[in-house]
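First comes the structure, then the notes that go with it.
A short reminder: the numbers here are calculations on the coordinates, not readings from a lab. Since the model is a prediction, treat every value here as computed from it, not as a measurement. Methodologically, a virtual Cβ is constructed for each residue, glycine included, from the backbone with ideal geometry; neighbour enumeration extends over all protein chains shown.
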Amino acid sequence: MNRVMIETAAKTYPVVIGERAVETITSFLDEMDKKPTRLFIIADESVRALHGVRLEAALPSDIPADWHNVPAGESAKSFGVFEQCLTRMLECSLDRRSLVVAFGGGACGDLAGFCAAAYMRGIPFIQVPTTILAHDSAVGGKTAVNHPLGKNMIGAFHQPEAVIFDTLFLQSLSEKETRSGFAEVIKHALIADPSLYEDIRSSVNNASDMSGSFLEYCLKRGIEIKGSIVKEDELETGVRAYLNFGHTYGHAVEALSGYGNVAHGEAVACGMIFALYASAAKNGLSFDIPAFAKWLKTAGYPVESGTMFSFNDIYEVMTRDKKAYGGTVRFVLLSKIGEPYVTDMTKEELQKIDEQFRKEAVKW
């Protein structure tokens, strides 16, 4: 069992990673300074059908527990579902020492964390992620729901008490879900760890390679990278923005596609390619971008997904992004692997890069 400690100004908490990690929940709750009076499990309905029995068996028998199912995937992150959760929490008479358990992928975790942040102005919660993607989203305390005009625009910073990452849950993931989650591993490598990137390039050719002990090694390293950045910048006023590499363009593709049609990580993979072209144009990044794009395509990523939409449509969504300021779009770029930086880009700059991106995409 691997254990990574996440340190923030708000709190320090563990991320437990490994097979049967879910079985540590009871001992963790028993050791809390204030033992929860009640548990409220917000569960992805598909995940509950697959793995609910395992979580239920791991929960302590002496703490009352209520379950509330939410839709699978990004459709959970709506105002309607958010309101339903809060209504059910009120009906269950949760108090300030009740604890929310997020049981599902990144979307469920974002929703449940925001519910915990909003209820009585903040009650504790833990993350029990069941996807690879959630190794990134479950750590760091960013919670949110989506708005039709932008992804994750309504939310709060609210750190969990713990993240319990049982890798046995990952065995039920589809290839699409596996690819989506692993895109965030690739992102962590590109912004912070050249040797990890080389390990990934030499080890991964398709979704079946994103598994086993190699996957667990990648997840642990990715969480360590994210933890070190969050420790330095909990509220995303500085270097935490580096974690958005590939996300500005990727979020636009995801939103225009309709949340859930192009998976989050698939859109981020497309966004990373765009950001690499922007890095080459802005600062002369030396990187074989076509080879990177072809490698992603071979692994099953829809690398041309951005070309389904006009530049103007993509630009309009990017300017509504929470990382946009004063008519420019804030991008995370690379000066080289492991050296990210943040810069503002004009519409004219982005349009030129978009033209190159579309021209190159037909060759991948």
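A few notes on this one:
- Within the range 216-231, backbone nitrogen closer than 16 Å to the virtual label 7 Å beyond the Cα of Thr12 toward Cβ: 227-231
- Think of the chain as a dipole: +1 on every Lys or Arg Cβ, -1 on every Asp or Glu Cβ, centred on the Cα centre; then among Leu219, Ser257, Thr328, Thr328 lies furthest on the positive end.
- Using the Cβ-Cβ distance between Lys336 and Ser228 with R0 set to 22 Å, the FRET efficiency works out to roughly 0.70.
- Derived from the Cα gyration tensor, the three semi-axes of the equivalent ellipsoid of the chain are 34, 21, 18 Å, largest first.
- Cα→Cβ-extended label distance, 7 Å offset, between Thr328 and Ser208, nm: 4.8
- Cα-based helix-to-principal-axis angle, 194-203 vs the chain, degrees rounded to 10: 90
- Against the chain, whose longest principal axis comes from its Cα atoms, helix 175-192 is set at around 70 degrees.
- Förster-model FRET efficiency, 25 Å R0, Glu56 and Arg20, C-beta, rounded to 0.05: 0.95
- Linear extension gain, Gln84 paired with Gln171, 0.36 nm per residue minus alpha-carbon span: 28.3 nm
- Helix 79-91 and the longest principal axis of the Cα set of the chain meet at an angle near 10°.
- For the range 2-172, lysine pairs with C-alpha atoms less than 27 angstrom apart, excluding pairs fewer than eight positions apart on the same chain, total 10.
- Net charge dipole size for the chain [Lys, Arg +1 and Asp, Glu -1 on Cβ; Debye, nearest 20]: 380
- Nitroxide proxy distance, nm - points 7 Å out along Cα→Cβ at Lys297 and Glu91: 5.0
- Using a Förster distance of 35 Å, the FRET efficiency for Lys35-Tyr217 (Cβ separation, nearest 0.05): 0.55
- Local electrostatic count, Phe82, Cβ distance below 12 Å [Lys/Arg +1, Asp/Glu -1]: 0
- Distance between modelled label sites at Phe28 and Ser195, nm, 7 Å Cα→Cβ extension: 2.9
- Mean residue ellipticity at 222 nm, helices only, the chain: -14500 deg cm²/dmol; runs of at least 4 DSSP H residues each add -39,500 (n - 2.57), and the sum is divided by the number of residues.
- Charged neighbours of Asn205, selected by a Cβ distance under 15 Å, balance to 0 (K, R count +1; D, E count -1).
- For a paramagnetic label modelled on Phe287 (point 7 Å from Cα along Cα→Cβ), amide N atoms under 17 Å away belong, within the range 332-364, to 332-345, 350, 353-354, 356-358, 360-361.
- Proximal charge balance of Lys35 [Cβ under 12 Å; K/R count +1, D/E count -1]: -2
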